[in-house]
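Structure record follows, encoded as structure tokens.
The values are calculated or read from the model by the stated rules, or taken from the named source; none is laboratory data. Everything numeric in this text was worked out from a predicted model, so none of it was measured. Because the Cβ atoms are built from the backbone with ideal geometry, glycine has one as well, and the counts that use them run over all protein chains shown. Surface areas here come from the heavy atoms of the whole protein model, side chains and all, with no ligands, DNA or RNA. Shrake-Rupley method; radii C 1.70, N 1.55, O 1.52, S 1.80 Å.
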Amino acid sequence: MRKEAKEYMDSVVMAIAKKYRLSEIESYKAVKNSFLYDSLVNFPEETIHDDIETNADFVYADYNEEKLQRM
């Protein structure tokens, strides 16, 4: 993963941790298992220009939905 993509991913992780009060580890797992990680690997140029807060919300929504389905 390119340096810029890694920095973007770290920013999303921190946004999730702060906004939704998840640990950094849990936030990292949510990002790693999401569409965003694949997008950053395959299309970094396009992805790093997306809004960090919006992607944090999308990743958390997917993570939360998956978590609820396991209950």
Per the charge dipole of the chain (beta-carbon charges, Lys/Arg positive, Asp/Glu negative, Cα centre), the residue among Tyr60, Val12, Ser27 reaching farthest to the positive end is Ser27
Answer with a single label: of [x] 21, 54, 24, 0; [y] 23, 56, 19, 2; [z] 17, 52, 28, 3, which was calculated as P(r) over Cα pairs in 10 Å bins from 0, in percent from the structure in view? [y]
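Over the chain, calculate the relative contact order: mean separation of alpha carbon pairs under 8 Å at least 6 apart, over the residue count, as a percent. Could you put the intermediate results ahead of the total?
Values: 54 pairs, mean separation 28.0, N = 71.
Rounded, it is 39 percent for the chain.
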Run the quick spin-label model on Ser23 and Asp50: label points 7 Å from Cα toward the beta carbon, then report their separation in nm to one decimal. 2.7 nm
Could you work out what % of the accessible surface of the range 1-46 is carbon and sulfur, using a 1.4 angstrom probe and leaving DNA, RNA and ligands out of the count? 52 percent
